[in-house]
Structure formats: structure tokens, C-alpha cells
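Encoded as C-alpha cells, the structure appears first; notes follow it.
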């Protein structure tokens, strides 16, 4: 098991958002977390990347405990998060932003090579290289955030709502990119409100409700569960 | 009758021409959709129509009168409400307190007298109920999830009872079941006479809700029509939907 969470309690201002979450993620798989607004989906990702320290519980990544490690240390272990809201440095150029993704690497040749790779995956990194990130539209900034996260060649990628703010054509591109990441053996945990698409590209699904795991299993089991469909996926399957 | 209109509006940021002689008309009583690829100028158009950006050329009209380059607060007071792609709530105030701040349309004295007004309290609670946030009313707004903040923003736009509401990606980050709920809410308000202009990428939502859709590409409108017409337009497929 690459990643496991055991009985995690975590929250803000002394109140728990996560109330005893346990999860296991196998290497090379994609897990999609779905659930209503405020269920704690983003909080799970923040606990994994070290941005929020759980009050209780265990997290192991590749056999070692990562609870209490700094976000930097967790990044060094190969866990990279793409946050939900806009996280680029708006007054820096697109290329500078993407290079920032590799700020921990000291090997310039390696950084350059990775940059070429992500430019190929995300042409906007090249075509808008010198423009300030703040001059890009919301959706374009999203793509640059993805590009940036790949600069460290991560082992575990945490994606918080990859579809948000993306036009349908760009969203398809992003889904294709996620598939490329999957094929190259990366492990992915994603939170997605576009739940049907998110679940359909994942191996496993997790339904979170009020800080607890309501249901977990292979993606089709979640997609075809009529009660879950009604409560969280916007109604019947025929609408998809 | 046209309620809100942009006429030949242009806007550049340095070398980037975000809007190029762009014209759109929002009919009174309509639910109008505004779609287009990332970077096509949708949010910039929202910004110039609500006074957040000044135009380089062209005009913005509300009820036939020019509101070109009028400040955002004045545009708001005229009855044009809007939400943002990234939510703007006061994180340390509670959800209910945020509603009270939103109700402030006059001076501070107005705020104080309104604060104690039971009518306003009632209205704030009704609107929180309307968007399904009642049980969170005493939490600091900063503790809400992204989707919940969007719903709060929607509620606090409503307290000012605008004639037209511009929504920037209302369904982004919202759970699908909640999107259906939001759709109903927008329809209900529309039946009561509120006009909507909605930027959104969720096609199921836009096509199901809007009676008219405008498509933007490279800073200008390239198509307009009923949802089915727009969906079948080859230019739109090429620029936006892909396939």
C-alpha cells in the first residue's frame, strides 16, 4: 500500500471536519473522492500534503509515518498538491511559475529537461512563457498549475477539483493528461465535483459525508449505487 | 427590451486584447448564458459591465442609459448584482453577519438601523434557507468550503434585490445535486422577474437553464442563439466544445 490513513481527525478552530477517516491507496491507482459541499474533501488533501496537521490518527506513505512532517518534507517525499483555488504568483511570468515547481532541485539540466516535457504536455507554458501569470484567464492559470506540479516528477499527485474553471475542450485535455499520468504509473488522489467524470477515470471511489467515509469501493460500484446517485451525483444515470 | 447591453466594447491589458469591439444584449426577464474558451474575455466583459474595469472604447448600457466606466458601487446600487469566480466573503464574520454587511447599501447609520431591524434579520435567514446554508449561519465564513462560499455569495447578492444578476461560474466547485437545486433557485427568481447573465462551463447546466446563449471567442461574440442552435454551430464546436 503506498498510502494509508487511519482514523484521522482534523479540522479548523478546534472543531473537527474529518471525523475518523480511514483510507488506503494502492500504488499506481487513482482514487476519486466525491461528496457534498463541506464534507471534508479538500481537508483530506490538506492533511496529506502537510498543510493541516491532524489532531489524531496515522498516515503512512511508502511505509513511513508522515504525520507532523512539514509540507516541504512531504513534497520531498514526492507528494504534490494542486490546490483548488488559484495559487500562481500573479506578478511572475508563466515560465517562472512553472520553474518554481522545481525549486527544490539543484540540477539545472534536469529542471530544463522537465520544463521541455511539461511544455509539450501543456503548450500554454511555452506560448505564454513570458506573460505574467496574472494576465491569464482563470482556466489558463489552472493549466499552468498542473504543469507546475509535474516539475518534481511526483509519486503521489493530489488534485483538488481539476475541472474547475475549465472550458469543455480544456477539461478534456486535462482528463487526457491525467490519463497520461496514470499510464506512467503515478498514483493520484483527486477530489472532483464533476463526479461522474472523476469517478469514471478513477479505479476507486470514496464518498465522503460530514467528515466520514460513507461508501468506498471500485469506481463502478459507486457510480451505479442508486442512493449515492440520487444524493450526490445529481440524480439518475441517464442524465450523464 | 434590452436591460443590460455592451456596445462595441474593447479592453486591452498591455499587449493582450481581452475584448475587441464586443457587443452583447441581455433581454429583460431572460436567463442568458455566456460561454467560450478559457481566456476568451468572459470575465473581462463582466468586469467592464459592472464597473470593475474601465473600457478603452465602447459603451455599457443599463435600461438604455450609459453606465460606461461608472464605479462598481454605483452599478450595484442601480440594481446590477454580480458574483465572482473566486469567492469574496469576509472570513472572520459569521455567515449571518456576512449577510448583514451585504444588506448595507447606504451609509453607516443605515447599516446600524438595519442591523437591528427584525425585517432584515428575517430576510437574511430566509435567503440562507433559500441556498441551504441555515445550519451554518453562526460559523465564521472562512470555515466554509469553496462551494458553500459560492452559495453564500449568491445569497448575499440577493439581499440587495438586484434587477439583473451576473453569475461567474456559479456551478464550479458545486456538488451535482446542489447544482440541480441551484438551477431551481435561479428559475424561481427568474419567475419573480430577475434577469440573469451566467458565465459557466458546465454545459448540462447552461443548456438546461438558459433561454439564450452567447458564445465568445478571442474577445468578441462569435455566435448567439437558443441552446440547440448554439450546440449545432460548427464554429462553436471548433472553438469551444471540441469534437
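The values are calculated or read from the model by the stated rules, or taken from the named source; none is laboratory data. Since the model is a prediction, treat every value here as computed from it, not as a measurement. Positions of Cβ are backbone-derived with ideal geometry, glycine not excepted, and every protein chain shown enters the neighbour counts.
Computed quantities for the displayed model
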| read-out | value |
| --- | --- |
| Residue in the range B:181-201 that is within 14 Å of chain A (Cβ to nearest Cβ) and in a loop (DSSP other than H, G, I, E, B) present | yes |
| Qualifying residues in the range A:121-138 (those that are over 20 Å from residue B:17 (Cβ atoms), away from chain B (no Cβ under 13 Å) and touching a residue at least 24 places away in the same chain (Cβ under 8 Å)) - the one surrounded by the most Cβ atoms within 10 Å (Cβ to Cβ) | A:125 |
| Counted residues, the range B:160-187 - those being over 12 Å from residue A:233 (Cα atoms) and in contact with a helix residue (DSSP H, G or I) (Cβ under 9 Å, 6 or more places away or on another chain) | 17 |
| Test result for residue B:204, within 12 Å of chain A (Cβ to nearest Cβ), outside any loop (DSSP other than H, G, I, E, B) and surrounded by fewer than 22 Cβ atoms within 10 Å (Cβ to Cβ) | yes |
| Residue that is nearest to residue A:167 (Cα to Cα) [pool: residues in the range B:88-99 that are buried (at least 20 other Cβ atoms within 10 Å of the Cβ) and within 14 Å of chain A (Cβ to nearest Cβ)] | B:89 |
| Qualifying residue in the range A:34-46 (condition: within 20 Å of the chain's Cα centre (by Cα), closer than 19 Å to residue A:186 by Cβ and buried (at least 17 other Cβ atoms within 10 Å of the Cβ)) | yes |
| Enumeration of residues in the range B:28-66 that are in contact with a helix residue (DSSP H, G or I) (Cβ under 6 Å, 6 or more places away or on another chain) and either surrounded by fewer than 18 Cβ atoms within 10 Å (Cβ to Cβ) or not in a strand (DSSP E or B) (or both) | B:36, B:37, B:38, B:39, B:50, B:51, B:52, B:53, B:55 |
| Test for residue B:149: is it touching a residue at least 60 places away in the same chain (Cβ under 8 Å) and over 17 Å from the mean Cα position of the chain (by Cα) | no |
| Which listed residue is within 14 Å of another protein chain (Cβ to nearest Cβ) and farther than 26 Å from residue A:129 by Cβ, from A:42, A:65 | A:42 |
| Count of the range A:139-167 residues which are outside any loop (DSSP other than H, G, I, E, B) and either away from chain B (no Cβ under 13 Å) or in contact with a strand residue (DSSP E or B) (Cβ under 9 Å, 6 or more places away or on another chain) (or both) | 14 |
| Residue list for the range A:1-18, restricted to those being closer than 18 Å to residue A:214 by Cβ, more than 14 Å from chain B (Cβ to nearest Cβ) and buried (at least 16 other Cβ atoms within 10 Å of the Cβ) | A:5, A:8, A:9 |
| Count of residues meeting criterion [at positive phi and either at pLDDT below 95 or assigned to a loop (DSSP other than H, G, I, E, B) (or both)] in the range A:35-60 | 4 |
| Pick from the range B:1-24, criterion within 18 Å of residue B:210 (Cα to Cα) and surrounded by fewer than 18 Cβ atoms within 10 Å (Cβ to Cβ), ranking: nearest to the chain's Cα centre (by Cα) | B:2 |
| Every residue from the range B:24-46 that is in contact (Cβ under 8 Å) with a residue 12 or more places away in the chain and within 14 Å of chain A (Cβ to nearest Cβ) | B:33, B:34, B:35, B:36, B:37, B:40, B:41, B:42, B:43, B:44, B:45, B:46 |
| Residue A:117 being in a helix (DSSP H, G or I) and in contact with a helix residue (DSSP H, G or I) (Cβ under 8 Å, 6 or more places away or on another chain) | yes |
| Within the range B:113-166, considering residues that are within 14 Å of another protein chain (Cβ to nearest Cβ) and assigned to a loop (DSSP other than H, G, I, E, B), the one nearest to residue A:46 (Cα to Cα) | B:145 |
| Per-region count, the range A:61-101, residues surrounded by fewer than 16 Cβ atoms within 10 Å (Cβ to Cβ), touching a strand residue (DSSP E or B) at 6+ places or on another chain (Cβ under 8 Å) and assigned to a strand (DSSP E or B) | 1 |
| Candidate set from the range A:183-215 (those that are in a helix (DSSP H, G or I) and at pLDDT 90 or above); member that is surrounded by the most Cβ atoms within 10 Å (Cβ to Cβ) | A:199 |
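Table: residues versus (1) touching a residue at least 24 places away in the same chain (Cβ under 8 Å); (2) touching a strand residue (DSSP E or B) at 6+ places or on another chain (Cβ under 8 Å); (3) within 11 Å of chain B (Cβ to nearest Cβ); (4) within 26 Å of residue A:118 (Cα to Cα).
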residue	(1), (2), (3), (4)
A:188	yes, yes, no, yes
A:196	yes, no, yes, no
A:201	yes, yes, no, yes
A:215	no, yes, no, no
A:221	no, yes, no, no
A:225	no, yes, no, no
